Amino acid sequence: MTIALSNPVKFLRGVGPQRAALLEERGIITVADLLSYLPFRYEDRIRFTKIADIVPGEVCTVFGEVSAGGGNVVRFRGGGRPPVFHVTIRDGSGQLHAKFFHGAYLDGRLKEGQRLVMHGKADFDPLRPNRCEMVNPEIELISAAEESPGDSTEVGRIVPVYEAIGNISSRMLRRIIYAVLRDFDGNVPDPLPAEIRDRYRFPTRRDALLYSHFPPKEESVEQLNTFRSPAQSRLIFEEFFYYQLALALRRLREHRVQGIAMRVREDDIREALKRILPFKPTAAQKKVLAEIAADLEKPFPMHRLLEGDVGSGKTIVALEAATIAIENGYQAALMAPTEILAAQHYLSARRILAPAGYAIDLLVAGQKRSERDEILAQVESGETKLLVGTHALLEDPVKFAKLGLVIVDEQHRFGVLQRKRLIEKGASPHVLVMTATPIPRTLALTLYGDLDISVIDQLPPGRTPIETRWATESQLAGVWEFLRRQIAVGRQAYVLYPVIEESKQELKAATAEYERLATAVFPKLHVGLLHGRLKNDEKDSVMERFRRAELDILVATTVIEVGVDVPNATVMVIEHAERFGLAQLHQLRGRIGRGREKSSCILVAPKNITGDALERIETMVATSNGFEIAERDLKLRGPGEFFGTRQHGDAAFAFAQPLRDRELLEFARREAFALAENPARAQQVVAEIEKVSPAWRKRYQLAQVG
Ligand code: ADP
Ligand code: MG
């Protein structure tokens, strides 16, 4: 009997109804789905490491048998500590000890003489420094039959290791897939255009799948484990390629949508722009405004992402774009993720656009009914030229007379669908999204797909770099003294805490520390408190007093993380800095260094922190370059978490990882956009892809929403 891609997995050897149900939960219904479930690592079980040759600290795979006495469980009296399973194995060259925390399930399974493969990092036992051991290694028990050379899935080959699915272990998956491939009819359609396949010397899809599950003996295990074998490269490439092709086609479609071709070159527009400029724009600001203006002129809607490090001056660019829209007789909407930021944008817009005399309104939650109704009426009549606000802008009663430009600030704080809702309040308006999370360009291209990208890669002149220091709790007295001196010469300071109220976590909290700082530490200074649980008007009034320098010190939580702009504030103290993420620290630090005076950021964290926390603090001290920090952050957290679950970018790939595989991504994007130049041919390829894989069809739909 031969097996085809379309066969359901539930009839396969080794798959009963129970396992079929587990597989189905993972979206594995057919053999095609099963073969798309790829190993996440490989073990070299041809050339095992001899126990005697183990290098402490390195990951290795050994093959041996359980030594005399077998394994045994050590249980601890009293609650709290889970049992530990101990076992020693031998392989003729030496003995290796292993222990398994939470290892009770192994009790009785590892008898003397049991053959097994053990994979993990061998290291010195801290209590017995001359004994090397593995802690929680992965093990697979091997039966005599499985050792017979030739057809074993377990030894004598490069062995694929799969992520277990429920209680279907890696080993069971390996056997199921092996059995499938033995009887497989080999019929795998290949929608990747042949000319592209040839250009990169990729194997066919059939070979790529076969090799990725059971690589030939001569394949390099190192290459496989870095996902760089030709077979894996091809599968990664195709994921990127199909996704990018969907984006490229979407862009073509969008370019056929009737948009608003605005006038930007006429004198009256130039005059209007000149009127509002409070300072000389940087070269980078000029460049991005030119890019935006060129988009606004076109007869189809702009979709542009404006990237720029914190403090690079994105707001003024956004207001310039708004000016063009308004001068063309349209309305503009500016949406921000927090009320504080929306209020600030509203104030800067009123200040900067004052000479133009446009009607500008602010819409946030919790406004008075009468006030709100009045604003809504003015927006609907077209009287309001620029409406600034939070998520409140998305609500149904908000109707624009003639919305021509949508601006979304700190867009990573919004979901894709929210952006879409705002856009739908106009008839194909132009869209500008802004972010201070400086994403490496390639990644931005996948995540924001079809957006065009403008980058402000320069800070306004006259800024002195922020000095960042790491201080410990015991040095706080000195830190407060430093604050006092800065305030004495007219500056202002932020003091940040991770939580609002005291809690079990024993973290210093903003409210309690505010009391202490205001009364005991700085009794003669004006100290304010700002956090997310204050009412709107309280927040506004605190922020306003800080802005007017009526407050010297603002004690706050991360509510001030994005956007807040008070150039006279030059000191930022962050307590429990080890508790904050890297991007967050960078954003917070971005609140200072906004004026001409030298600014200082002091990160308060224990000296004995380790691991990621240590790396975050060290990175902050070492650099204030947002792009560098974003790259480090990506490495520390991985793209999934970095971009948050709301982004569709990472959901779009089963196997490819944009960060790890960015080179392939670059190639794939280029090829996809080149293919889309020939829409007829591109449509053909898409039809092929959709025929081959329902999973791909689903991802296309995602790519359409973007
Ligand atoms: P971000 O890009 O973080 O949103 P902002 O738009 O808030 O930055 O600008 C940061 C600060 O720099 C503001 O105080 C703004 O007025 C000022 N600024 C912006 N552009 C210039 C410029 N060309 N010259 C001098 N100051 C500028
Ligand atoms: Mg901003």
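So here's what we get for this one:
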read-out	value
Volume of the Cα convex hull of segment 226-285, divided per residue and given in Å³	171
Ranked by how many other beta carbons lie within 10 Å on average, peptides 325-335, 577-587 from highest	325-335, 577-587
FRET E, pair Thr519, Phe279, Förster distance 56 Å, beta-carbon r, rounded to 0.05	0.90
Cβ-derived FRET efficiency at R0 51 Å, Arg660 paired with Val489, nearest 0.05	0.55
Protection proxy ranking, peptides 187-197, 154-164, 606-616, average beta carbon neighbours within 10 Å, highest first	154-164, 187-197, 606-616
Ranked packing of 247-254, 304-311, 63-70, most packed first, by mean Cβ within 10 Å	304-311, 247-254, 63-70
Length released on extending from Asp373 to Arg201, taking residue separation times 0.36 nm less the Cα-Cα span	55.5 nm
Sum of side-chain charges, Val221 neighbourhood, beta-carbon under 10 Å (Lys, Arg +1; Asp, Glu -1)	-1
Tally of Lys pairs whose C-alpha atoms are under 27 Å apart, taken over segment 1-155, 8 or more apart or cross-chain	6
All-pairs Cα distance distribution in segment 444-521, expressed in whole percent, bin size 5 Å	3, 10, 13, 17, 14, 9, 10, 10, 9, 5, 1
D (Stokes-Einstein, µm²/s), Kirkwood Cα radius, segment 166-210, 0.890 mPa s at 25 °C	197
Semi-axis lengths (Å, descending) of the ellipsoid that matches the C-alpha gyration tensor of segment 93-218	37, 18, 14
Estimated FRET transfer efficiency when R0 is 60 angstrom, pair Glu138-Arg270 (beta carbons, to 0.05)	0.35
Chain lengthening between Glu297 and Glu690 when straightened (0.36 nm per residue, less Cα-Cα)	137.9 nm
Helical segments meeting 15 Å axial Cα length and Kyte-Doolittle 0.5 threshold in the chain (DSSP H)	314-327
Amide H within-cut-off set for Ile3, under 5 Å, with H built and near neighbours excluded	Phe184, Asp185
Amide H partners (placed H, <5 Å) of Gln114, local residues excluded	Val66
Cβ-based net charge around His526, under 12 Å, with every Lys or Arg adding one and every Asp or Glu removing one	+1
Cα centre as origin, Lys/Arg/Asp/Glu Cβ charges: the chain dipole, Debye	360
DSSP-defined beta bridges in the chain - what % are antiparallel, rounded to 5	40
Residue list for segment 47-66, given a label point 7 angstrom along the Cα-to-Cβ vector of Arg90 and an amide N cut-off under 13 Å	64-66
Under 18 Å from Lys504, Cα to Cα: aspartates and glutamates that are on another chain or at least 8 residues apart	Glu513, Glu575, Glu578
Computed [θ] at 222 nm, deg cm²/dmol, the chain (DSSP H ≥ 4; -39,500 (n - 2.57); rounded to nearest 500)	-11500 deg cm²/dmol
Zero-based 10 Å bins, Cα pair distances in segment 271-351, whole percents	15, 52, 31, 2
Computed Rg/Rh of the chain, alpha carbon atoms with Kirkwood Rh	1.03
Whole-number Å³ per residue for the convex hull built on Cα positions in segment 216-332	150
³J(HN,Hα) computed for each position of segment 548-559 - Karplus, 6.51 cos²θ - 1.76 cosθ + 1.60, integer Hz, glycine/proline x	7, 6, 7, 10, 8, 10, 10, 8, 8, 9, 6, 4
Interchain or long-range residues, amide H under 5 Å from Tyr494's placed H	Leu554, Val571, Met572, Val573
Segment 9-111: C-alpha gyration tensor shape, a/c 1.5 cut-off, then a/b vs b/c	oblate
Cα gyration tensor shape for segment 481-612, rounded if a/c is under 1.5, else prolate or oblate	rounded
Computed over segment 518-581, the ratio Rg/Rh where both radii use C-alpha atoms and Rh is Kirkwood	0.95
Hits among lysines - C-alpha to C-alpha of Lys298 under 21 Å, sequence gap 8 or more where chains match	Lys286, Lys287, Lys402, Lys420, Lys425
Dipole in debye (nearest 20) - segment 1-129, about Cα centre, beta carbon charges: Lys, Arg +1; Asp, Glu -1	340
Positive minus negative residues near Lys385 (Lys, Arg vs Asp, Glu; Cβ under 12 Å)	-1
Euclidean distance of C-alpha centroids, segment 89-151 and segment 355-380, integer Å	70
Shape call, segment 285-328: gyration tensor on alpha carbons, a/c limit 1.5	prolate
Least to most buried among Lys286, Lys274 (fewest other Cβ within 10 Å first)	Lys274, Lys286
Those aspartates and glutamates that a straight Cα-Cα span of less than 18 Å connects to Lys274, excepting residues fewer than 8 apart in one chain	Glu266, Glu291, Glu320, Glu327
Gap separating the Cα centres of segment 25-68 and segment 482-524, nearest whole Å	53
Length added when fully stretched, Lys504-Asn167, from 0.36 nm per residue minus Cα-Cα	117.7 nm
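Each reported figure results from applying straightforward, stated rules to the coordinates on display, with no laboratory input. Since we're looking at a predicted model, the values are computed, not measured. Neighbour counts run over all protein chains shown; Cβ positions are idealised from the backbone, glycine included.
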